[in-house]
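Report on one structure; see the data block that follows.
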Amino acid sequence: MGAFVSETEKDLSVKALYELLSVDLNLGKLWWNPRPLKYFAGGAQSDTHRKGRWDSQFAGREAFTATTTGGYLVGVIFGKHYLKHRVLVAMRDGEWPAAFVDHIDGNRINNSIYNLRSASKLENGANCSMHKSNTSGVNGVWFSSRRSAWVAEIKVAGRKIHLGQFADIERAAKARREANFRYGFTDRHGT
């Protein structure tokens, strides 16, 4: 989700992430730290009072537990939304990821650092699940009523490649599996 470092991410340093959050990279979990006083500047209430109120409400609690409509875990820091998997990779690598962060097993809430990898748009797309509008049950295979045949296709680097027309779905599915292998798609792609 998001190919490059977003404008929001540019506003928050990785050093600030470590000041604000505790992390367990193996579990892929984040917790709020007591917030440093320097993050409470100005306002009607004293900064110390606001810090105490914030710390009593949030410090030690798990962070980034809300879910986006796309199924990713997300959190809010200073009124801006950050995706948990990108925060975890930033904390692991010491800088915001420049490209996509791929969930290797396809489970968007499994944020163990062992399940996250930096990936190009192409690599990320080669590991995606079947589209929800698919009706054949086989990724890249559809029935053409005009041709009265099963059509197999694959999209590589933004280019659709026609793999053939087949009398039955099994042959079309076989053509697609072979193309997945030929073009470097993961075993999980389209499942």
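Quick note: the coordinates plus some simple rules give every number you see, no bench work behind them. The structure displayed is predicted, hence computed values, not measured ones. Please note: Cβ atoms are built from the backbone with ideal geometry, for glycine as well, and neighbour counts cover all protein chains shown.
Data for the structure
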| read-out | value |
| --- | --- |
| Proximal lysines to LYS29, defined as alpha-carbon separation beneath 21 angstrom and excluding residues fewer than eight positions away on the same chain | LYS15, LYS80, LYS84 |
| Theoretical gain in end-to-end length, ALA16 to ARG182 [0.36 nm per residue, Cα-Cα removed] | 55.4 nm |
| Estimated FRET transfer efficiency when R0 is 45 angstrom, pair ASN26-VAL156 (beta carbons, to 0.05) | 0.85 |
| Hits among aspartates and glutamates - C-alpha to C-alpha of LYS155 under 15 Å, sequence gap 8 or more where chains match | GLU123, GLU178 |
| Unit charges on C-beta of K, R, D, E only; dipole of the range 7-125, Debye | 320 |
